[in-house]
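Following: one structure in structure tokens, then a few remarks.
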Amino acid sequence: MDISGASLIGHDRVPGAGPVFHALAAVTGEPLPPAFSSAGAAQVDQACELARRAFDEFRCCPLEQRAALLEAIAQGLLDLGPVLIERAMVESGLPAARLQGECNRTVAQLRLFADVTRKGAWINATLDSAQPQRQPLPKSDLRMGKIALGPVAVFGASNFPLAFSVAGGDTASALAAGCPVVVKAHPAHPGTSAMVGAIIQRVVAQQGLPEGVFSLLFGAGTELGAALVSHPAIAAVGFTGSRHGGLALVALAQQRPQPIPVYAEMSAINPVLLLPAALAHRAESIARAFVDSLTLGAGQFCTNPGLLIAMEDEGLARFEVQAALALTERSATTMLTPGIHAAYQKGVAAHSGVDGVTLLARGRSDPDLLYSACAALFGTSAQIFLQRPVLADEVFGPAAVIVRCRDAGEMRNVLEHMEGQLTATLQLDEADHALAGELMPVLERKAGRILANGFPTGVEVTHAMVHGGPPPATSDARSTSVGSAAIERFLRPVCYQDIPQALLPPALRDGNPLGLWRVRDGELGRA
């Protein structure tokens, strides 16, 4: 597929006015063709104004048309096949099997939101009948439904060049809601982004939708993102990335004359609680599974298990021995970008420099790999952990800290002092249920997803999934960026009082022309 290096704005390819940059081969650091021109203020304005003009027509188009758009994008990804995977491999350093799985997940997300769009439950159609004879005052006819919020700015993520990128969950859920999308491609994989963007651009044109429904902008610096979030046409932001980047966007959005929501998924260390009975019976198998999770994809997952909390006993000692043995057998693997590699090295060094922290094991290094991550496992006491906040900072990569607690009270104290997390995991047996029950209220306050006897890497795309959590894991604890509930981020409710039938949205008209499940006078049905 031809990659021009120009931004995709509406139906056109538009060269940027800013600096030129290249993608870098993850393994060698060599620049890859073509050169990409950074979008400037004029290109941002063009894309956002097209999105503004497209908004009302797109949000009011039939649900079936939006569903068909999402399904056609999904099919386009499948049709591109190996060409897309090969480019993503070179830019990210991720293996083909991982990227093929990620492509399948992206297709599944698009199809899920196509199904969600058709069914229309997200409209939350609610009707309260008029009571003209009510005394002392009559009651009006009231009808409520949710509508699209407005054009959405989406920021591609570095660690998922497909599933959290141009056609990823943020884009899929925004389009499902009826929101035009302006995507800022991640500079780590612009070629991959251009390929996916071209599919969406083509499908939008083929289906006769307004050209402002989708645009894709390229840029290597922070100026493009700031201009996009600050543009008055943008009504919401979807972001996956660092805490620093996410909080900067939140600040920009709040400084606008009309502030907008930023749904930023940022940082987490995803604590794993190793409870005593579980360790007594299966310390070794838990340790091996933990190392598998920690080192998967060079640890470059937002759900990576970066913290283990346990009570000091013989079971924990066995766990540490087995985890160290398993970790020393793991070879270094290439990280996504030189910047991520440098940050990982800095984080490991920071942990190593803390008094009272012991390096328990390192993975195998590979001097032939330029930007490789050598896994690291540290151990410390609860007292040291609570005294040194740096130990609770996310180290993006295959590094983790074991926190040894003297008793259940100290374990709870560690949890109480933790920031918001995407996940919390319980490794437990039946004999641990009483202790787990005492800790569950804390975990519910601290995490968006709580799981038992597994590890958090791997996020299912389902209706019940929550990929979110209290700050700083995300900027809004009420939302999720994965699963069908992600559509809620880009909707707002509107109430219609005594509005004539011809002026009501179809979802709220008498006779239920769309055949939706609706709530009428407090009862769920299809009336």
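Here are the numbers for the structure shown:
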read-out	value
Subset tally (residues that are over 15 Å from the mean Cα position of the chain (by Cα), of a type outside the set (D, E, K, R) and open to solvent by 20 Å² or more (accessible area, probe 1.4 Å)) for the stretch 250-299	17
Cβ pairs under 7 Å, 6+ apart, first in the stretch 435-447 and within 15 Å of Thr474 (Cα to Cα), second of a type outside the set (S, T, N, Q) and open to solvent by less than 10 Å² (accessible area, probe 1.4 Å)	Lys446/Leu415; Lys446/Gly420; Lys446/Ala424; Ala447/Leu422; Ala447/Ala424; Ala447/Gly469
Residue tally, condition among the aliphatic types (A, V, I, L, M) and surrounded by fewer than 19 Cβ atoms within 10 Å (Cβ to Cβ), over the stretch 451-470	4
Residue check, Ile499 aliphatic (A, V, I, L, M), buried (at least 22 other Cβ atoms within 10 Å of the Cβ), more than 30 Å from Thr295 (Cα to Cα) and touching a residue at least 40 places away in the same chain (Cβ under 8 Å)	no
Selected residue [at pLDDT below 95, of a type in the set (Ser, Thr, Tyr) and on the phi < 0 side of the Ramachandran plot] from Ser285, Ser267, Ser293, Ser230	Ser267
The stretch 323-352, residues that are free of Cβ contacts under 8 Å to residues at least 12 places away in the same chain and of a type in the set (Lys, Arg)	Lys346
Among (1) part of a helix (DSSP H, G or I); (2) without any contact (Cβ under 8 Å) to a residue 40 or more places away in the chain - the single one Asp355 does not satisfy	(1)
Qualifying positions in the stretch 358-374 - in contact (Cβ under 8 Å) with a residue 40 or more places away in the chain, closer than 12 Å to Ser331 by Cβ and assigned to a loop (DSSP other than H, G, I, E, B)	Gly363, Leu369, Cys374
Any hit, the stretch 126-149, residues being at positive phi and not β-branched (Val, Ile, Thr)	no
Matching option when the condition is crowded, with 21+ Cβ neighbours inside 10 Å and either closer than 30 Å to Pro232 by Cα or not hydroxyl-bearing (Ser, Thr, Tyr) (or both), among Gly120, Gly178	Gly178
Unmet criterion (only one of (1) in contact with a Lys or Arg (Cβ under 6 Å, 6 or more places away or on another chain); (2) open to solvent by less than 10 Å² (accessible area, probe 1.4 Å)) for Val154	(1)
In the stretch 376-405, residue nearest to Val272 (Cα to Cα) [restricted to those that are β-branched (Val, Ile, Thr) and open to solvent by 10 Å² or more (accessible area, probe 1.4 Å)]	Val395
Per-region count, the stretch 238-268, residues within 24 Å of Ala392 (Cα to Cα) and either among the basic types (Lys, Arg) or out of contact with any Lys or Arg (no Cβ under 6 Å at 6 or more places or on another chain) (or both)	16
Leading residue by the ranking (surrounded by the most Cβ atoms within 10 Å (Cβ to Cβ)) among those in the stretch 300-334 that are of a type in the set (D, E, K, R) and part of a loop (DSSP other than H, G, I, E, B)	Arg330
Filter pass, Glu438 being open to solvent by 40 Å² or more (accessible area, probe 1.4 Å) and under 24 Å from the mean Cα position of the chain (by Cα)	no
Given (1) in contact (Cβ under 8 Å) with a residue 24 or more places away in the chain; (2) surrounded by fewer than 22 Cβ atoms within 10 Å (Cβ to Cβ); (3) over 24 Å from Val459 (Cα atoms); (4) not aliphatic (A, V, I, L, M), index of the condition Arg111 fails	(3)
Among the candidates Ala477, Ala486, residue that is part of a loop (DSSP other than H, G, I, E, B) and either farther than 20 Å from Ala424 by Cα or not aromatic (Phe, Trp, Tyr) (or both)	Ala477
Per-region count, the stretch 294-322, residues touching an Asp or Glu at 6+ places or on another chain (Cβ under 8 Å) and in contact (Cβ under 8 Å) with a residue 40 or more places away in the chain	4
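Okay, residues lined up against (1) touching a strand residue (DSSP E or B) at 6+ places or on another chain (Cβ under 9 Å); (2) buried (at least 20 other Cβ atoms within 10 Å of the Cβ):
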residue	(1), (2)
Ser7	yes, yes
Pro15	yes, no
Phe21	yes, no
Thr28	no, no
Cys61	no, no
Leu99	no, yes
Cys103	no, yes
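So that you can scan it fast, the table gives a plain yes or no per residue for (1) at negative phi; (2) without any contact (Cβ under 8 Å) to a residue 12 or more places away in the chain; (3) crowded, with 21+ Cβ neighbours inside 10 Å; (4) assigned to a helix (DSSP H, G or I):
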site	(1), (2), (3), (4)
Ala188	yes, no, yes, no
Ala198	yes, no, no, yes
Ala205	yes, no, no, yes
Gly208	no, yes, no, no
Gly212	yes, no, yes, yes
Leu224	yes, no, yes, yes
Phe239	yes, no, yes, no
Ala248	yes, no, no, yes
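The values are calculated or read from the model by the stated rules, or taken from the named source; none is laboratory data. Keep in mind that what you see is a predicted model, and the values were worked out from it rather than measured. Cβ coordinates were reconstructed from backbone atoms using ideal geometry, including for glycine residues, and neighbour counts include every protein chain displayed. The protein model used for the area step is the full one, side chains on, heavy atoms only, and it has no ligands, DNA or RNA in it. Shrake-Rupley method; radii C 1.70, N 1.55, O 1.52, S 1.80 Å.
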